[in-house]
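Some notes on the structure that comes next.
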Amino acid sequence: MKKIFDFTRKKTILQAIFFYFISFLASLILGALAGGLMGLIGQLEMAATAGLAAATIFVIYIWYRIYSQSNLGVLNNLFLISGIII
């Protein structure tokens, strides 16, 4: 797991897929928790907004970590793998 979130080295395709899968699941869980919390306290109209905000903040944090820890070669490799996956 440490290799997956270590952005100082280039990723293989399998590591990148695993990273995207874990990040996607984490953002879904955070979004569901934030939306559920807003629904629990009675703010049903804000539940979807809170879920979207929590997921967006998590994605921004992950991309900040990638940018701050990576060099240009790692970023190019990760973007190339992202394009292949998409």
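The values are calculated or read from the model by the stated rules, or taken from the named source; none is laboratory data. A quick note: this is a predicted structure, and the numbers were derived from the prediction, not measured. Reconstructed Cβ throughout: ideal geometry from the backbone, glycine too, with neighbour counts over all protein chains shown.
Residue count for the range 42-72 satisfying the condition of being surrounded by fewer than 15 Cβ atoms within 10 Å (Cβ to Cβ) and not in a helix (DSSP H, G or I): 3.
Residues in the range 38-86 that are modelled with pLDDT under 75 and more than 16 Å from Ile17 (Cα to Cα): 7 in all.
List pairs: first residue in the range 12-36 and at negative phi and surrounded by 14 or more Cβ atoms within 10 Å (Cβ to Cβ), second residue outside any helix (DSSP H, G or I) and among the charged types (D, E, K, R) anywhere in the structure, Cβ distance under 8 angstrom, at least six positions apart or on different chains. Every condition considered, the pairs that remain are Gln15/Lys3; Phe19/Lys11. The numbered conditions (1) out of contact with any Lys or Arg (no Cβ under 8 Å at 6 or more places or on another chain); (2) part of a helix (DSSP H, G or I) are all true for Asn77 except (1).
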